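Take a look at the structure below.
The values are calculated or read from the model by the stated rules, or taken from the named source; none is laboratory data. Treat the numbers as computed from the prediction; the structure is a model and nothing was measured. In this analysis, Cβ positions are derived from the backbone assuming ideal geometry, glycine residues included, and neighbour counts consider all displayed protein chains. The area values use the complete protein model at the heavy-atom level, side chains included, leaving out ligands, DNA and RNA. Shrake-Rupley method; radii C 1.70, N 1.55, O 1.52, S 1.80 Å.
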Amino acid sequence: MLKALSLAFCLLVSFISHAASLRVVFANLEGRDPETQFSFAVLRLALEKSGMPFELVRSPVPMTDARTIIEIQKKSVDVAWLGNSAELETTLLPVMIPISRGLLGYRIALIRADQQDSFSSINSLAELKRFKACLGVGWPIENAWTENDLQVTAVPQFESLFKMTQAGRADYIPIGAGNIHSYLNQFKKENPDLAIERHLVVVYPFYDFFFFVNKDNKYLRDLIDAGIKKAYADGSYKNLFLTHPEFAGLKDLKLDRRTRLDLKNIHATAQDLAIDRKYWLNTKTPFAF
């Protein structure tokens, strides 16, 4: 009898715990495996630090960034990591902590390897204007390029960025410093001539991946926000940043030794400018916290 009651109690506790767990649907971003990305690892870490039992569920259908915004508004997706913009910070509810310390705003070019000498001669934005960038339709960073009078060709499919550059229909893909190695590894087989450009870093300030939720979902926003802050405080975010596979090649990029070209960011909001500086990367000491 006692064993039966004990078993029943355990089953009840298990049921209550499962029923009380938070189910969080995250966007299945097209062309990228979200569960291998640093942003996903930060989301999981933040929810762990929140102390709330949770279940992370990938949305069943791959979607573009533009579609992701619609699905969050429809509440079929709970959260996504997207490049921040003034418009997006109004349309959705952001967690105002840059996920990767602004690395997304430090753009390194993927080019055809035989074009390295041409890129090595660039020392100003005026000289970069001779070359055409390939970016995704609707990406906030696309506006950064056009607003700084740089040439852009925009494509709707993520894979097309690499195909277009491989084929010579664009000159380079400016990719966030934290992602460039993983994307090159992912698409190198189909685009064998692509390589990481060795001379430049183009910096778009106050830009990074941020977590976004529906405007009505303040509870989830606050949970993630508190979790990230706790992870910073106890050192677990730093450990994740320094050990995550996505950033394994970051030191090889030698950001502090590259010729730096700064873009203007006319969309930086008061919220962006108010973010504590400790959450932003210092290029001279990118691994210091």
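Could you please report the charge total around G105, scoring K, R as +1 and D, E as -1 over all other residues with beta-carbon less than 15 angstrom from its beta-carbon?
Local net charge: +1.
With both partners inside the chain, how many of the DSSP beta bridges are antiparallel, as a percent to the nearest 5?
In the chain, DSSP labels about 50 percent of beta bridges as antiparallel.
Give me the orientation-averaged projected area of the Cα convex hull of the chain, in nm², one decimal.
Reported value for the Cα convex hull: 16.9 nm².
Do the sum for the chain: with -39,500 (n - 2.57) for every DSSP H run of n ≥ 4, divided by all residues, what is the mean residue ellipticity at 222 nm, to the nearest 500 deg cm²/dmol?
After summing the helix terms and dividing by residue count, I get -11000 deg cm²/dmol.
Based on the Cα gyration tensor of region 199-262, what are the three equivalent ellipsoid semi-axes, each the root of five times an eigenvalue, rounded to whole Å and given largest first?
Result for region 199-262: semi-axes of 29, 18, 9 Å.
About the Cα centre of region 102-186, how large is the charge dipole given +1 on each Lys and Arg Cβ and -1 on each Asp and Glu Cβ? Please answer in debye to the nearest 20.
For region 102-186, the charge dipole is close to 120 debye.
Take the Cα radius of gyration of region 78-197 and divide it by 2.2 N^0.38 Å, with N its residue count; two decimals is plenty.
The reported ratio for this selection is 1.09.
Quick check: with the 1.4 Å probe, what order do T165, T91, T285 take by accessible area, largest first?
Listed by decreasing accessible area, they come as T285, T91, T165.
With all protein chains present and a 1.4 Å probe, how do F206, F187 order by accessible area, largest first?
Most to least solvent-accessible, the answer reads F206, F187.
Determine the per residue accessible area of the chain with all protein chains present and a 1.4 angstrom probe, expressed in square angstrom.
On a per-residue basis, 48 Å².
In region 90-177, which trypsin sites (Lys or Arg not before Pro) fall in coil by DSSP and have 15 or fewer other Cβ atoms within 10 Å?
Filter output for region 90-177: K129, R130, R169.
Taking Rh as the Kirkwood radius, which is the inverse of the mean 1/r over Cα pairs, what is the Rg/Rh value for region 157-264?
Ratio of gyration radius to Kirkwood radius: 1.04.
At a 1.4 Å probe, what is the % contribution of carbon and sulfur to the accessible area of the chain?
Answer for the chain is 54 percent, counting heavy atoms of protein chains only.
Stokes-Einstein diffusion coefficient for region 65-115 at 20 °C in a medium of 1.002 mPa s, Rh from the Kirkwood formula over Cα pairs: what value in µm²/s?
Result for D is 164 µm²/s.
Just need the relative contact order of the chain here, percent rounded to a whole number, with Cα pairs under 8 Å and 6+ apart.
Once normalised by length, the contact order is 27 percent.
Quick one: dipole size for region 141-278, taken about the Cα centre, charges +1 on Lys/Arg Cβ and -1 on Asp/Glu Cβ, in debye to the nearest 20.
400
Translational D (Stokes-Einstein, µm²/s) of region 124-173 at 20 °C and 1.002 mPa s when Rh comes from the Kirkwood sum over C-alpha pairs?
198
Nearest 20 debye, what's the magnitude of the dipole of the chain about its Cα centre given +1 on Lys and Arg Cβ and -1 on Asp and Glu Cβ?
500
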